[in-house]
Ligand SMILES: [Zn+2]
């Protein structure tokens, strides 16, 4: 386990627990003094060890076009200095000493992209569930495949997804895992260096379509979620926040959803679920609960600024007002909504009403990419035939992928823009390709939303750590991952009889 707080606990129980017993057995004062000195010295060594790895590294990015996303939306030709995990300065011709200097060569330095609805557990199943509508897609393909995961296949699936996200400049995700083995996806999050809010999928209401491997009792589902929260929340230097993630209303009992609302409030945790993605889904809610889906979530106590709802396509006026009034977060997934033919969310209207909207790719089998650049492009383009070419302009779309994501997770104070004091989560986007050339007279937001590809990202940094540089992943060994993922998929397919 690499989480600092767990190291700390282990250290104290191992060292001081033993010494405390010795202390109680001692009678000679001099020995007590000696013991006290040793105790203080050990504590000093422990603290200095922790600080040593965290504070020495200074990285200076030179000659960048800084797309700051600060309040004035300044775009600056200049430099940016990172110390430890934070941005400490930016401006023209910064003259600072640094442990490493990276020449950005005039390319774009942007805030790390934030995607607020991902399923790392599904990355392994890319291309296994195409050309279906949501409920068939789930019942015929995704649920059986998720139920076929073993710990290693889930770890591989998560690393595949994270590697792809890093290669496309995504630094933070909100993620829903599957029902079992979630600790292995968490381990991949911790090991890789990504920033994530994630939780185990909760499914305590079953009909014949839910495979036995995903069925769980209300008590077991809640207990597993709480255990994961207690064990992992804040792990990876605070990069992992554990959430409660019921799949959607029709997969859960009211008892579970009410308890999720209570626990999340008690533990100040996020709730992440799907809502009103598909007409069939809301018809089931209306027939079983006798109310609209979003109204049902409100009755169960689940709306609010700590709840992130994926999709929100099939909303009536009352539901839209409810989402705005409660400041419930909306994760807009345009590619997934197109591919599953779910519909086109009324994002321009929701934004005009004051809704909190961010962007995401959803899972690999319904996209089939985890590429924030494609999501930005689609978020802009799908609205234009409906509402005209001026809706969803490029700058507004880029805001949704950066500041919008930061606001969705209550982190606008330290994520979503390039400003001193914020976390060093950022990406360098090359403008050297023919599709972005020449670039001197072009609006940077148009370059980012309409022209750039994920493959233009040259470098990705999370929490001050370079996780991808020159298209090479630094925390994931691709040569090890690829054969392992192939073998993992083979095991899962054999297990589920595909
Ligand atoms: Zn989803």
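The values are calculated or read from the model by the stated rules, or taken from the named source; none is laboratory data. Computed from a predicted model, the values in this text were never measured in an experiment. When we count neighbours, we look across all protein chains shown, and the Cβ atoms used for this are built from the backbone with ideal geometry, even at glycine.
Checked against the criterion of being within 17 Å of the chain's Cα centre (by Cα), at pLDDT 95 or above, away from the ligand (no atom under 16 Å from the Cβ) and in the same structural domain as residue 129 (by TED's automatic domain parsing), the candidates 363, 416, 433 yield just one match: 416. Of the residues contained in the range 182-192, none is found to be surrounded by 22 or more Cβ atoms within 10 Å (Cβ to Cβ), part of a loop (DSSP other than H, G, I, E, B) and touching a residue at least 60 places away in the same chain (Cβ under 8 Å). The listed residues are 275, 243, 261, 188, and the only one of them that is in the same structural domain as residue 346 (by TED's automatic domain parsing) and under 26 Å from residue 136 (Cα atoms) turns out to be 275.
Of everything listed in (1) under 13 Å from residue 380 (Cα atoms); (2) more than 14 Å from the ligand (Cβ to nearest atom), the single unmet condition for residue 335 is (2).
Scanning the range 344-360 for residues that are in a loop (DSSP other than H, G, I, E, B), more than 13 Å from the ligand (Cβ to nearest atom) and either in contact (Cβ under 8 Å) with a residue 40 or more places away in the chain or within 17 Å of the chain's Cα centre (by Cα) (or both) gives a single hit, 344. Of the residues that make up the range 79-99, is at least one over 18 Å from residue 423 (Cα atoms), touching a strand residue (DSSP E or B) at 6+ places or on another chain (Cβ under 8 Å) and part of a strand (DSSP E or B)? No - not one qualifying residue is present in the range 79-99.
Residue 256 fulfils the conditions (1) more than 30 Å from residue 475 (Cα to Cα); (2) surrounded by fewer than 20 Cβ atoms within 10 Å (Cβ to Cβ) except for a single criterion, (2).
Would you be able to say whether some residue in the range 169-177 is in contact with a strand residue (DSSP E or B) (Cβ under 8 Å, 6 or more places away or on another chain) and either surrounded by fewer than 24 Cβ atoms within 10 Å (Cβ to Cβ) or over 24 Å from residue 110 (Cα atoms) (or both)? Among the residues of the range 169-177, at least one is in contact with a strand residue (DSSP E or B) (Cβ under 8 Å, 6 or more places away or on another chain) and either surrounded by fewer than 24 Cβ atoms within 10 Å (Cβ to Cβ) or over 24 Å from residue 110 (Cα atoms) (or both), which makes the answer yes.
Kindly provide the set of residues from the range 154-178 that are free of Cβ contacts under 8 Å to residues at least 40 places away in the same chain and over 12 Å from the mean Cα position of the chain (by Cα), ordered by number.
Selection gives 154, 155.
Quick check on the range 149-164. Is at least one of its residues out of contact with any strand residue (DSSP E or B) (no Cβ under 6 Å at 6 or more places or on another chain), assigned to a loop (DSSP other than H, G, I, E, B), assigned by TED's automatic domain parsing to the domain that holds residue 309 and at pLDDT 95 or above? So far as the range 149-164 goes, yes, one or more of its residues are out of contact with any strand residue (DSSP E or B) (no Cβ under 6 Å at 6 or more places or on another chain), assigned to a loop (DSSP other than H, G, I, E, B), assigned by TED's automatic domain parsing to the domain that holds residue 309 and at pLDDT 95 or above. For the range 264-281, residues that are in contact with a helix residue (DSSP H, G or I) (Cβ under 9 Å, 6 or more places away or on another chain) and more than 16 Å from the ligand (Cβ to nearest atom) total 2.
Residue-by-condition table, conditions (1) within 16 Å of the ligand (Cβ to nearest atom); (2) surrounded by fewer than 22 Cβ atoms within 10 Å (Cβ to Cβ):
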| site | (1), (2) |
| --- | --- |
| 211 | no, yes |
| 219 | no, yes |
| 224 | no, yes |
| 229 | no, yes |
| 236 | no, no |
| 244 | yes, no |
| 260 | no, no |
| 300 | no, yes |
| 303 | no, no |
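Kindly list the number of the only condition in (1) modelled with pLDDT of 95 or more; (2) surrounded by fewer than 16 Cβ atoms within 10 Å (Cβ to Cβ) that fails for residue 93. For residue 93, the failing item is (1). Within the range 454-494, the set of residues being within 30 Å of residue 85 (Cβ to Cβ) and in contact with a helix residue (DSSP H, G or I) (Cβ under 6 Å, 6 or more places away or on another chain) comprises 454, 460, 467, 468, 473, 475, 476, 481, 484, 485.
Taken over the range 308-329, the criterion of being under 19 Å from residue 399 (Cα atoms) and either in contact (Cβ under 8 Å) with a residue 40 or more places away in the chain or within 12 Å of the ligand (Cβ to nearest atom) (or both) is satisfied by 308, 309, 310, 311, 329. Contact annotation: residue pairs with Cβ atoms under 7 Å, 6 or more positions apart or on different chains, pairing a residue in the range 261-286 that is at positive phi with a partner that is surrounded by 16 or more Cβ atoms within 10 Å (Cβ to Cβ), are 276/282; 276/293; 276/294; 276/311; 276/312; 276/313; 276/314; 276/315. Of the candidates 116, 59, the single residue that is within 16 Å of the ligand (Cβ to nearest atom) and either assigned to a strand (DSSP E or B) or closer than 25 Å to residue 453 by Cβ (or both) is 116. When residue 198 is tested against (1) assigned to a helix (DSSP H, G or I); (2) modelled with pLDDT of 95 or more, only condition (1) is not met.
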